[in-house]
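Colleague: Pasting a structure below so you can have a look.
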Amino acid sequence: MHMAEPNQLAVEYVRHVLGVTGLSPTGLALKAGISSTTLTRPLNSAEYKFALTNTTLSKIEAATGIAFLSFAAAHSTDQAPPGSEAPAQPRTAGQPVRYVPGEQVVLSGRRNLLPVFSGAMGGDGKLIVSSDFVDHMAMPAALEGVQGAYGLIVDGSSMNPEFWEGDIAWINPHLKPARGRNHVFFHTPPGGEDAEAIIKRLNGWNDREWQLEQWNPARQFTESRRIWPICHRVVGKYEAP
């Protein structure tokens, strides 16, 4: 679907927040510290002419942890048909990873925990990955039942604003490379001694090279597939608090 008008999108965001949190408009207003009529008027009348302000949206974000920009990004492009790969979209500043509502994260016991590696900045945008798991987190629904799925704590700033220091990237090691998606590339499989990795957007590839992009500083470049033979797909992330 296409991007809605700004105020319509803001109202749809509020409806989304209400659906995810289970709050009433009055309950959400109380939680966010705003007047209940600030929400009920635009929700109840399509003719209401006053837009929801950035201040109001920021208060809702702070109260619920649901990012408006992530919601907007997820509703700004046409959806690809099932089973097809969406074409790579040009961008220079990055965009938020789609927000995953809480009910899409599995919380039912230790068998559903996602193991997490740590990454330490090793220079030139590279990460030194821990040889063993350093933590576990609730298993995202996108990785439920995926053998070998793992999380990777991001360090460094080369992928800001899409990934910030402390974010945990969710990795499916079995998906094929996909243009326009973020991937983690390794010299050797994770779990080895001082494994080195890079996390970048993949724009394309040939028999010899990966065609990559980062956001900070913005640049496109290539890396050797012989040197970086392992390519694991990022399917989402947990944002650091």
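The values are calculated or read from the model by the stated rules, or taken from the named source; none is laboratory data. Only a predicted model underlies this, so the values are computations on that prediction, with no experimental measurement involved. Every residue, glycine as well, gets a Cβ built from its backbone with ideal geometry; the counts of neighbours run over all protein chains shown.
Colleague: Inspect region 123-139 for any residue being crowded, with 17+ Cβ neighbours inside 10 Å and either at pLDDT 85 or above or under 16 Å from the mean Cα position of the chain (by Cα) (or both) and give the result as yes or no.
Modeller: Yes, region 123-139 contains at least one residue that is crowded, with 17+ Cβ neighbours inside 10 Å and either at pLDDT 85 or above or under 16 Å from the mean Cα position of the chain (by Cα) (or both).
Colleague: For the list (1) of a type in the set (Lys, Arg); (2) within 20 Å of GLY156 (Cβ to Cβ); (3) modelled with pLDDT of 90 or more; (4) surrounded by 14 or more Cβ atoms within 10 Å (Cβ to Cβ), I need the number of the one condition that ARG225 fails.
Modeller: (2) is the only condition that ARG225 fails.
Colleague: Check THR92, THR26, THR55, THR38 and return the single one that is outside any strand (DSSP E or B), exposed (fewer than 12 other Cβ atoms within 10 Å of the Cβ) and modelled with pLDDT of 70 or more. Outline the logic, then answer.
Modeller: Working: THR92 fails: modelled with pLDDT of 70 or more; THR26 fails: exposed (fewer than 12 other Cβ atoms within 10 Å of the Cβ); THR38 fails: exposed (fewer than 12 other Cβ atoms within 10 Å of the Cβ).
Answer to the selection: THR55.
Colleague: Would you pick out the residues in region 143-159 that are surrounded by fewer than 16 Cβ atoms within 10 Å (Cβ to Cβ) and within 26 Å of GLN211 (Cα to Cα)?
Modeller: Of everything in region 143-159, just one residue is surrounded by fewer than 16 Cβ atoms within 10 Å (Cβ to Cβ) and within 26 Å of GLN211 (Cα to Cα), namely GLY148.
Colleague: Quick one: in region 158-191, which of the residues that are small (Gly, Ala, Ser) and part of a loop (DSSP other than H, G, I, E, B) is nearest to TYR238 (Cα to Cα)?
Modeller: Out of the qualifying residues, it is GLY166.
Colleague: Only one residue in ARG219, ARG201, ARG181 is surrounded by 16 or more Cβ atoms within 10 Å (Cβ to Cβ), among the basic types (Lys, Arg), farther than 18 Å from GLY119 by Cβ and under 23 Å from the mean Cα position of the chain (by Cα). Which one?
Modeller: Among ARG219, ARG201, ARG181, only ARG181 is surrounded by 16 or more Cβ atoms within 10 Å (Cβ to Cβ), among the basic types (Lys, Arg), farther than 18 Å from GLY119 by Cβ and under 23 Å from the mean Cα position of the chain (by Cα).
Colleague: Could we say that ASN182 is assigned by TED's automatic domain parsing to the domain that holds ASP155, farther than 23 Å from ALA120 by Cβ and out of contact with any Ser or Thr (no Cβ under 7 Å at 6 or more places or on another chain) here?
Modeller: Against the criterion (assigned by TED's automatic domain parsing to the domain that holds ASP155, farther than 23 Å from ALA120 by Cβ and out of contact with any Ser or Thr (no Cβ under 7 Å at 6 or more places or on another chain)), ASN182 does not qualify.
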